[in-house]
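We did not get these values from a lab; they are worked out from the coordinates using the rules stated. Owing to the predicted nature of the structure, the values given are computational and were not obtained by experimental measurement. Every residue, glycine among them, receives a Cβ derived from its backbone with ideal geometry; neighbour counts consider all protein chains shown.
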């Protein structure tokens, strides 16, 4: 890890991810890490209403914006490493949507770093969810939530 | 020519994901752009009906509506984001 004190890995992909493999990628070969916090966001079926979510993104900007958010988190919480992976395309209930892993010397920075990245990602990274209903109908685009804006504002 | 790109319901309502367009010199800011596009047809008027809701990115970075668009290579218009 010479010269790479705080690696940042950002990926947008159709395929699933393995949180354990990704965490090992960040912690492997280093002995200064004392805390790893992994967050995985899953697709819900909303009480049986949904058959899938379809994730659209702005190629290029999605990766760039998540990268900017990760750099803010690294600086603010003195993280040792950060991974953010967001899936796109059609995702069925129970499947993974997003992964954030924050590595730090101590737990508070790792918890806060992962939480900060998720709160900013939800309101600033260019992704949009469309619902597909279990009965086959197009459920339309998900509305942005004010509670997500408030969650981000608490870091201001 | 300026490249415009659209996403989610803005894309669906306009009926295309991207286009190259000649902008009149009077279009100086993001807000000017929205007003100009709304004059181009019902599909634009419908997509951009609630101007304050529309998010604007210039060269793949978020900007406010009063940001000058001079020299922009790519301008994106899209709804509030719902990822994560």
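Across peptide B:3-11, the mean count of Cβ atoms from other chains lying within 10 Å of each residue's own Cβ comes to 3. Counts of other chain beta carbons within 10 angstrom of each beta carbon in peptide A:119-129 average 5.
Note on region A:8-153: Rg/Rh from C-alpha atoms, Kirkwood Rh, equals 0.99. Largest mean-square fluctuation among B:15, B:30, B:71, in a Gaussian network model of chain B whose springs join Cα atoms under 10 Å apart, belongs to B:71. Largest GNM mean-square fluctuation across A:129, A:14, A:145, computed for chain A with C-alpha springs under 10 Å, falls on A:145. With contacts taken as Cα pairs under 8 Å at a separation of at least 6 residues, chain A carries a relative contact order of 31 percent. Estimated from the Cβ-Cβ distance and a Förster radius of 30 angstrom, the FRET efficiency linking residue B:74 and residue A:11 is about 0.85. Is the C-alpha gyration tensor of region B:2-78 telling us rounded, prolate or oblate? Criteria: a/c under 1.5 is rounded; beyond that, a/b larger than b/c is prolate, otherwise oblate. Note, shape of region B:2-78 comes out rounded. Sorted ascending by nearby beta carbons within 10 Å, beginning with the fewest, A:61, B:81 become A:61, B:81. As a proxy for reagent exposure, ranking B:6, B:44 by other Cβ atoms within 10 Å from fewest up yields B:44, B:6.
Applying 1/(1 + (r/R0)^6) with r as the Cβ-Cβ distance of residue A:78 and residue A:142 and R0 = 35 angstrom yields a FRET efficiency of 0.55. Average 1/r across all pairs of distinct alpha carbons in region A:52-97, invert it, and you get the Kirkwood radius: 12.2 Å. Averaged over the residues of peptide A:57-65, the number of Cβ atoms from other protein chains lying within 10 Å of each residue's Cβ is 5. Over chain B, Cα pairs under 8 Å with separation of 6+ residues give a relative contact order of 38 percent.
Summary of the geometry: region A:93-137 and region A:50-91, compared by the centres of their Cα atoms, lie 8 Å apart.
Remark: A:141, A:155 ranked as A:155, A:141, counting other beta-carbon atoms within 10 Å and listing the fewest first.
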